[in-house]
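Undergrad: If you scroll down you'll find the structure; I have some questions about it.
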Amino acid sequence: MASFEARSAVEPDRVTVFLAGDCDLAARDRLTAALLDAVSRAGQVFVDVAEVGFLDSTGVHALVTAHHAAQGRGGRLYVTNAGGPVAAVLELTGLDALLQAPAEERRHA
């Protein structure tokens, strides 16, 4: 089992959360807490999933929960750098389109 890690980089008006490992049931509480903390700190939250190897329904739920929390605060949550199986899950659930970063951010992510 791959371990889970979340670290954040805080900038003015934006937080980037870098996730690594498996976003699954074992990581659910830590993942949700990291995302909601980021949403509480900035209007724009970018979730970099380049190092995520596995994303299940609990990971999807955490992203949706954080997305709704961001919207409730007048902010946005975006997912960047998805690839492989993680990108497939995001596409299958429609989160790829819902949480897609603006074009200028995709070029820099």
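Undergrad: Could you please find all residues in region 10-26 being out of contact with any strand residue (DSSP E or B) (no Cβ under 8 Å at 6 or more places or on another chain) and charged (D, E, K, R)?
TA: Within region 10-26, Glu11 is the sole residue that qualifies.
Undergrad: Also: Give region 56-79 a look and list any residue that's more than 25 Å from Glu104 (Cβ to Cβ) and either among the aliphatic types (A, V, I, L, M) or surrounded by 16 or more Cβ atoms within 10 Å (Cβ to Cβ) (or both), or say none.
TA: Answer for region 56-79, where residues must be more than 25 Å from Glu104 (Cβ to Cβ) and either among the aliphatic types (A, V, I, L, M) or surrounded by 16 or more Cβ atoms within 10 Å (Cβ to Cβ) (or both): Thr58, Gly59, Val60, Ala62, Thr65.
Undergrad: Now a separate question. If I ask for residues that are surrounded by fewer than 22 Cβ atoms within 10 Å (Cβ to Cβ) and either among the aromatic types (Phe, Trp, Tyr) or assigned to a strand (DSSP E or B) (or both), which ones from region 36-48 would you list? Please lay out each step first, then the result.
TA: From region 36-48, those surrounded by fewer than 22 Cβ atoms within 10 Å (Cβ to Cβ) are 36-37, 40-44, 48; that's our starting set.
Hits for region 36-48 are Gln44, Asp48.
Undergrad: Just need a number here: residues in region 50-81 that are assigned to a helix (DSSP H, G or I) and β-branched (Val, Ile, Thr).
TA: Qualifying residue count for the region: 4.
Undergrad: Could you tell me which numbered condition Glu105 fails, if it satisfies all but one of (1) in contact (Cβ under 8 Å) with a residue 24 or more places away in the chain; (2) surrounded by fewer than 20 Cβ atoms within 10 Å (Cβ to Cβ); (3) under 14 Å from the mean Cα position of the chain (by Cα)?
TA: (3)
Undergrad: Let me ask something additional. Checking the conditions here, which among Ala33, Ala26 is among the small types (Gly, Ala, Ser) and either buried (at least 21 other Cβ atoms within 10 Å of the Cβ) or free of Cβ contacts under 8 Å to residues at least 12 places away in the same chain (or both)?
TA: Working: Ala26 fails: either buried (at least 21 other Cβ atoms within 10 Å of the Cβ) or free of Cβ contacts under 8 Å to residues at least 12 places away in the same chain (or both).
From the options Ala33, Ala26, the qualifying one is Ala33.
Undergrad: If the Cβ limit is 9 Å and pairs must be 6+ apart or interchain, which residue in region 37-58 that is under 8 Å from Val15 (Cβ atoms) pairs with which residue that is among the acidic types (Asp, Glu) and surrounded by fewer than 17 Cβ atoms within 10 Å (Cβ to Cβ)?
TA: Matching pairs, first to second residue: Ala42/Glu11; Ala42/Asp13; Gln44/Asp13; Gln44/Glu105; Phe46/Glu105.
Undergrad: Looking at Glu51, is it surrounded by fewer than 20 Cβ atoms within 10 Å (Cβ to Cβ), modelled with pLDDT of 95 or more and touching a Leu at 6+ places or on another chain (Cβ under 9 Å)?
TA: Criteria met by Glu51.
Undergrad: Hey, another quick one. When Ala20 is evaluated against the numbered criteria (1) without any contact (Cβ under 8 Å) to a residue 40 or more places away in the chain; (2) out of contact with any Ser or Thr (no Cβ under 9 Å at 6 or more places or on another chain), which criterion, by number, is the only one it fails?
TA: Only one criterion is unmet by Ala20, namely (2).
The values are calculated or read from the model by the stated rules, or taken from the named source; none is laboratory data. Fair warning: this is a prediction, and the values are worked out from it, not measured in the lab. All Cβ positions, even for glycine, are placed from backbone atoms using ideal geometry, and neighbour counts span all protein chains on display.
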